[in-house]
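Report on one structure; see the data block that follows.
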Amino acid sequence: MASVCFRSRSIILALSIGLLGISGISQAQRGTSSAGEARARFLANLGQIPTAREVVVEDFINYHQHEIGAPKAGQAVGLDVRWGNESVSSNGEAILQVGLSTSLVHDRRQLRPLNLTIVIDKSGSMADDNKLVRVKQALLTLVSQLRSKDVLSIVAFDSEAEVILPSQPVEDRESIRNVINSLEPGSATNLNGGLMLGYKEDLKHFQKDATNRVILLTDGVANRGETDPEKIARSSASFNDRGIDLTTIGVGLDLNKDLLQRLAKSGHGMFHFISDSQDIEKVFVQELQSQISPVASDARLEINFGSGLKFDRAFGYDGHRSDHSVRFSLDTMNSGMTEVVLLRFKANSEQAENTQLPVKIHLTYYDIDRSKTVEVTESSSITFAEGKKRATLEDSSVGKDYAIAVLAQSIHDMAASCEAHNYRQAQVTLEKGISYVTRRYPNLEDGDIKRTLKTAMQYQAILRRTYPESDGPSAPELDRDVPVTGSNLIPNGDLSLGNIGFLSPELNYTSGSDNCLWASGYTIAKAFNSPQLHRLVDDQSFSAPKQPNGNEQVMFANAGGTTALVVWSSVVKCRPNTPYRLSFQCISLSRGEQYIPSLEIRVNGQRSDAQLAKYGSYVEISMNWNSKSSKMADISIVRMPMGHNGGLIGIANIEMKPAHQQERLVGYG
């Protein structure tokens with residue numbers, strides 16, 4: 001029985017500084033289902049509120065690779081237990097993170113033989129939104145990763161199912177690519193027919209000591225052949241019982257998500273959703289080894305705790321709870337996986353100072369390679385210290401995962417409130433999650449937190465646009481972390497508070513350092529030359545042109561590109577039927593006409609004229625807008641397409657103010 005110690009604060013702070021210096025770089029998770037996170041992001045981009053069932057909190061938490069060490073030699077699964085803080089006060093929160101990891105085999109020749117069948121939906125709806133194009137791209141990527149000794153077959157289905165590549169070793173890759181490229185959309189969706197034919201094809205090269213797997217890619221709901229989800233699930237499970245696993249991958253808007261998730265769970269596989277190239281890279285490149293190399297199954301996790309702790313919740317996982325324990329059943333664990341279970345406890349007040357509050361973690365799993373059941377037990381404790389109240393989590397890894405969990409849970413609860421038509425509660429719930437994270441990370445650099453925060457803020461904007469009454473005068477007063485200066489309605493419009501109160505969805509934040517502004521990066525600084533943010537720019541300050549308070553800062557960004565780019569966005573309250581003037585100061589910092597951008601302001605779907613920046617000096621870019629019936633303004637600053645991928649700019653003094661009643665409005669309104 002090992003004792004897991006809390007890491008010292010100095011080490012954690014050093015790690016935090018080192019990690020935060022990597023400008024938002026993150027590594028995608030391997031070996032866990034990702035559909036909940038990817039689909040929520042997809043729906044946010046479409047402007048649609050998800051159902052609560054679609055927001056799978058654990059998929060958000062485990063979308064990225066965690067900072068967990070590999071298992072010890074001879075172990076299939078590693079166990080990592082840590083608290084967010086070393087102590088907890090009465091009624092304070094104690095966050096426990098139980099981490100699980102499996103090894104990644106670096107020599108792919110050591111992996112088990114693979115017998116893989118891909119079942120592809122080529123129904124007519126796959127032509128919409130280039131879904132079949134995305135599937136082809138994904139499959140071509142997958143084929144490029146397979147070994148010559150691996151066995152592959154491909155089944156395609158619309159109203160009928162057919163084998164388009166009979167089961168064979170992956171030797172003639174050109175022929176396989178031609179088969180994939182020949183796919184064209186057809187008619188209806190006979191999902192069951194395609195899946196059953198895929199299983200039968202996989203049986204032709206079934207090997208007891210190999211990974212025998214079917215991957216199902218579909219965009220819709222079965223509407224031809226067998227359409228009853230219960231019967232489809234039972235038929236699929238009969239092949240799973242014979243040793244063929246199943247992974248399901250959804251694309252597009254209209255999916256029977258419950259069926260795909262159920263099929264994958266029964267098939268000891270994963271359920272993914274492909275919304276963009278990032279998901280294709282994750283599923284078919286970074287996760288390929290996980291697809292073909294499960295290492296542990298039938299995993300069960302039990303956490304026992306004493307009377308000094310009260311269990312509050314586990315984020316995302318459904319557990320069986322008793323007075324002093326909580327138990328979870330976990331999915332099959334694949335090669336190269338990291339997974340965390342986050343639990344929140346509260347401390348009882350009736351105990352002595354410096355009392356140790358213990359927990360015991362018991363993990364049981366079936367080791368597939370060794371064909372035996374393994375049990376692992378570890379213990380840890382947190383100190384009860386009334387005089388050491390802490391508002392933040394000192395372990396940076398736990399802090400990051402908890403921030404993502406809070407955001408994901410707020411998105412889930414928002415969706416549940418929307419289903420109950422309680423839009424005000426939905427807004428309050430989402431705002432609390434966003435508020436926690438922006439307060440915890442005022443200068444957010446971590447790419448994984450930023451991705452989840454972007455999704456939450458997108459839903460916040462959707463709610464405010466679609467249900468403006470949810471944030472009206474009678475809504476509950478919210479805790480606003482970012483003040484509004486003077487008559488300017490835009491929180492932190494002068495950027496004096498740094499990287500907070502706005503979103504820059506297509507740029508990566510970096511802390512200001514020498515020559516740091518490369519590759520779509522941005523920072524917030526009072527001056528460009530202290531330190532010099534880019535060596536190819538003149539050694540001048542380029543400070544904000546309007547400085548009534550003396551604390552104003554500038555958003556300096558490397559924001560070139562041949563497509564339009566959202567540099568800055570925010571959602572703010574406004575009064576209905578009121579004329580407003582929006583403006584910001586902009587400067588171009590790169591010499592040459594090809595680097596000087598045009599920018600426009602967009603508010604609730606309306607657009608200003610594109611206005612040209614100026615090299616070496618600030619110009620004001622502005623727009624007049626009438627709110628009409630709107631109570632919220634969804635504002636963006638957009639850099640229009642350029643002829644070059646480079647170009648440094650500065651943006652400052654972002655303002656939205658009521659126009660003078662006698663002022664004649666031009667433009668929109």
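The values are calculated or read from the model by the stated rules, or taken from the named source; none is laboratory data. Since the model is a prediction, treat every value here as computed from it, not as a measurement. Positions of Cβ are generated from backbone atoms using ideal geometry, with glycine treated the same way; all protein chains shown enter the neighbour counts. Note: accessible area is taken over every heavy atom of the protein model, side chains too, but ligands, DNA and RNA are not part of it. Shrake-Rupley method; radii C 1.70, N 1.55, O 1.52, S 1.80 Å.
In this structure, Arg262 does not qualify as open to solvent by 20 Å² or more (accessible area, probe 1.4 Å) and modelled with pLDDT of 90 or more. Scanning region 148-168 for residues that are closer than 22 Å to Gln207 by Cβ and touching an Asp or Glu at 6+ places or on another chain (Cβ under 7 Å) turns up Ser148, Ser153, Val155, Val163, Ser167. Just so you know, in region 303-317 the residues that are outside any strand (DSSP E or B) and small (Gly, Ala, Ser) include one that is nearest to Ala385 (Cα to Cα), and it is Gly308. The C-beta contact set for region 294-323 (first residue more than 11 Å from Leu96 (Cβ to Cβ), second residue at pLDDT 95 or above and in a loop (DSSP other than H, G, I, E, B), distance under 8 angstrom, 6+ apart or interchain) is empty. Ser33 falls short on exactly one of the conditions (1) crowded, with 16+ Cβ neighbours inside 10 Å; (2) hydroxyl-bearing (Ser, Thr, Tyr); (3) within 24 Å of Asp254 (Cα to Cα); (4) modelled with pLDDT of 70 or more, and that condition is (4). Of all residues in region 324-340, those that are under 14 Å from Val77 (Cβ atoms) and at pLDDT 90 or above have Cβ atoms under 9 Å from Cβ atoms of residues that are of a type in the set (Phe, Trp, Tyr) and open to solvent by less than 20 Å² (accessible area, probe 1.4 Å), 6 or more apart or on another chain, in Leu330/Tyr365.
Within region 606-625, residues that are of a type in the set (A, V, I, L, M) sit with their Cβ atoms under 7 Å from residues that are open to solvent by less than 50 Å² (accessible area, probe 1.4 Å) and assigned to a loop (DSSP other than H, G, I, E, B), at 6+ positions apart or across chains, in these pairs: Ala610/Met640; Leu612/Ile596; Ala613/Ile596; Ala613/Pro597; Val619/Ala613; Met623/Ser608.
Checking the structure you have, find out if any residue of region 124-144 is assigned to a loop (DSSP other than H, G, I, E, B), farther than 30 Å from Ala385 by Cβ and either of a type outside the set (A, V, I, L, M, F, W, C) or open to solvent by 10 Å² or more (accessible area, probe 1.4 Å) (or both). Scanning region 124-144, I find no residue that is assigned to a loop (DSSP other than H, G, I, E, B), farther than 30 Å from Ala385 by Cβ and either of a type outside the set (A, V, I, L, M, F, W, C) or open to solvent by 10 Å² or more (accessible area, probe 1.4 Å) (or both), so the answer is no. For region 211-222, a tally of residues being in contact with a Gly (Cβ under 6 Å, 6 or more places away or on another chain) and outside any strand (DSSP E or B) returns 1.
Of all residues in region 349-400, those that are in a loop (DSSP other than H, G, I, E, B) and out of contact with any Ser or Thr (no Cβ under 7 Å at 6 or more places or on another chain) total 15.
Of a type outside the set (D, E, K, R), in contact with a His (Cβ under 9 Å, 6 or more places away or on another chain) and part of a helix (DSSP H, G or I), is that true of Ile411? In short, no.
So is Arg639 among the basic types (Lys, Arg) and buried (at least 18 other Cβ atoms within 10 Å of the Cβ) or not? Judged against the criteria, Arg639 is a match.
The set of residues from region 160-201 being surrounded by fewer than 21 Cβ atoms within 10 Å (Cβ to Cβ), in a loop (DSSP other than H, G, I, E, B) and under 35 Å from the mean Cα position of the chain (by Cα) comprises Val170, Ser182, Leu183, Glu184, Pro185, Gly186, Ser187, Ala188. Within region 593-610, identify whether any single residue is touching a His at 6+ places or on another chain (Cβ under 7 Å) and over 24 Å from Asn488 (Cα atoms), and answer yes or no. Yes, the conditions are met somewhere in region 593-610. Tallying residues that are outside any helix (DSSP H, G or I) and exposed (fewer than 15 other Cβ atoms within 10 Å of the Cβ) within region 223-258 yields 5. Within region 403-443, restricting attention to residues that are open to solvent by less than 10 Å² (accessible area, probe 1.4 Å) and of a type outside the set (Gly, Ala, Ser), the residue that is nearest to Asn499 (Cα to Cα) is Val437. Looking across region 533-585, the residues that are aliphatic (A, V, I, L, M) and open to solvent by 20 Å² or more (accessible area, probe 1.4 Å) come down to Leu536, Ala564, Val566, Val571.
Please tell me if Phe206 is aromatic (Phe, Trp, Tyr), in a loop (DSSP other than H, G, I, E, B) and in contact (Cβ under 8 Å) with a residue 24 or more places away in the chain. Yes; evaluated as a whole, the condition is true for this residue. So which pairs qualify, if the first residue must be in region 418-432 and in contact (Cβ under 8 Å) with a residue 60 or more places away in the chain, the second must be β-branched (Val, Ile, Thr) and loosely packed, with under 15 Cβ neighbours inside 10 Å, the Cβ gap must be under 8 Å, and the two must be at least 6 apart or on different chains? Matching pairs, first to second residue: Glu419/Thr51. Which one of Thr578, Thr563 is out of contact with any strand residue (DSSP E or B) (no Cβ under 8 Å at 6 or more places or on another chain) and touching a residue at least 12 places away in the same chain (Cβ under 8 Å)? The unique qualifying residue is Thr563. Number of residues in region 202-214 that are in contact with a Lys or Arg (Cβ under 7 Å, 6 or more places away or on another chain) and buried (at least 20 other Cβ atoms within 10 Å of the Cβ) equals 1. From Arg173, Arg147, grab the single residue that is touching a residue at least 12 places away in the same chain (Cβ under 8 Å), basic (Lys, Arg) and touching a Lys or Arg at 6+ places or on another chain (Cβ under 9 Å). Result of the check over Arg173, Arg147: Arg147.
Flag set for Ala70, criterion: assigned to a loop (DSSP other than H, G, I, E, B), of a type in the set (Gly, Ala, Ser) and either closer than 28 Å to Lys346 by Cα or in contact (Cβ under 8 Å) with a residue 12 or more places away in the chain (or both). For region 275-292, state whether one or more residues are open to solvent by 10 Å² or more (accessible area, probe 1.4 Å), at pLDDT 75 or above, touching a helix residue (DSSP H, G or I) at 6+ places or on another chain (Cβ under 9 Å) and of a type outside the set (A, V, I, L, M). No, region 275-292 contains no residue that is open to solvent by 10 Å² or more (accessible area, probe 1.4 Å), at pLDDT 75 or above, touching a helix residue (DSSP H, G or I) at 6+ places or on another chain (Cβ under 9 Å) and of a type outside the set (A, V, I, L, M).
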